[in-house]
Amino acid sequence: MKRAATALVLIPVIVWVVLWSPLWAFDAVLIVVGVLALREFGHIAAAHGVSPAGWPAAACGIALLFAPEPVIAIVLIALIAMTLALRSRDLKEALPSASTFVLGVLYIFGAWRCAAGLREINPHWLMLSLLVSWAGDTAAMYAGRSFGKHKLAPHVSPGKTWEGSFGSVAGGLVAALVYAHYLIPSVPGRTVIAVAAVANVAGQAGDLSESALKRGASMKDSGATLPGHGGWLDRIDSTLFAIPVVYAILKYASL
């Protein structure tokens, strides 16, 4: 019940932000959600015995979001992370500390940078990227409960099955085709199918990747901010993988 109630509140807000909000509101949401998710990532890192990066990582993430030259920004972020790691009392912690700093920034704010680029191409493509994960999650839940017999990744997420995974792809494809038919009618159906399928698979990989980090830290959720959903990182883990993949396809592939 809490999960459904939270979704009913968040979904209309997200749809407005993605499709119709002014740029300043869109950027503000990326910053706030990104900082909250990065904070939760820091909690996971701390549970692994790695010092969380804190506000320097958040500052670097926001800088990456607006940097005119993202490649240069990424290099500078790595250098900053290595420099800050010199503060480690035990220098054995320097490498994991710097690595976690860079990973957290790129994982979250790198994906958000792609979200901003995708919105510039067409806000409906960004919405579709979110939709294939949302619809896929719902379809996976019902398919897994009804037909799930074969474990997908039992050492990472024992509840997930191959049947649920296939259901997720099918649900994501149906949702994407319906959405594109009405709101991106100029795009051929085969293109929508290809993009949606790859995005859904990427989203599932994102979900499993975050689950692996949490399981290694003996954590069930990244946080408790969203009733029924855990933390912000739990809510966006799929889209953090799906959005960059869709952006890369649209930017560099000849579709």
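The values are calculated or read from the model by the stated rules, or taken from the named source; none is laboratory data. What you are looking at is a predicted structure, and each value in this text was computed from that prediction instead of being measured. All Cβ positions, even for glycine, are placed from backbone atoms using ideal geometry, and neighbour counts span all protein chains on display.
Data table
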| item | result |
| --- | --- |
| Residues satisfying the stated conditions in the range 99-125, i.e. free of Cβ contacts under 8 Å to residues at least 60 places away in the same chain, surrounded by fewer than 22 Cβ atoms within 10 Å (Cβ to Cβ) and hydrophobic (A, V, I, L, M, F, W, C) | VAL102, LEU103, LEU106 |
| Only listed residue being surrounded by fewer than 21 Cβ atoms within 10 Å (Cβ to Cβ), modelled with pLDDT of 95 or more and in a helix (DSSP H, G or I), chosen from ALA78, ALA58 | ALA78 |
| Per-region count, the range 21-71, residues polar (S, T, N, Q) and in contact with a helix residue (DSSP H, G or I) (Cβ under 7 Å, 6 or more places away or on another chain) | 1 |
| Some residue of the range 143-159 being in contact (Cβ under 8 Å) with a residue 24 or more places away in the chain and under 19 Å from ARG235 (Cβ atoms) | yes |
| Inter-residue pairs, beta-carbon under 9 Å, first closer than 15 Å to ALA46 by Cβ and in the range 82-93, second assigned to a helix (DSSP H, G or I) and polar (S, T, N, Q), 6+ apart | SER88/SER97 |
| Criterion violated by ARG89 - all others in (1) touching a Ser or Thr at 6+ places or on another chain (Cβ under 9 Å); (2) surrounded by fewer than 16 Cβ atoms within 10 Å (Cβ to Cβ) satisfied | (1) |
| Residues located in the range 15-28, provided they are assigned to a helix (DSSP H, G or I) and either surrounded by fewer than 16 Cβ atoms within 10 Å (Cβ to Cβ) or on the phi > 0 side of the Ramachandran plot (or both) | VAL15, TRP16, LEU19, LEU23, TRP24, ALA25, ALA28 |
| Odd one out for ALA53 among (1) over 20 Å from the mean Cα position of the chain (by Cα); (2) touching a residue at least 40 places away in the same chain (Cβ under 8 Å); (3) not in a helix (DSSP H, G or I) | (1) |
| Unique residue being within 14 Å of SER129 (Cβ to Cβ) and under 20 Å from the mean Cα position of the chain (by Cα) when the list is ALA153, ALA202 | ALA202 |
| Counted residues, the range 171-193 - those being among the small types (Gly, Ala, Ser) and at pLDDT below 95 | 2 |
| Residues located in the range 142-162, provided they are surrounded by fewer than 17 Cβ atoms within 10 Å (Cβ to Cβ) and touching an Asp or Glu at 6+ places or on another chain (Cβ under 9 Å) | SER146, PHE147, LYS149, HIS150 |
| Flag if SER165 is closer than 30 Å to ALA46 by Cα and surrounded by 15 or more Cβ atoms within 10 Å (Cβ to Cβ) | no |
| Test result for GLY144, under 20 Å from the mean Cα position of the chain (by Cα), part of a helix (DSSP H, G or I) and small (Gly, Ala, Ser) | no |
| Residues being modelled with pLDDT of 90 or more and more than 20 Å from TRP232 (Cα to Cα) - total across the range 33-55 | 0 |
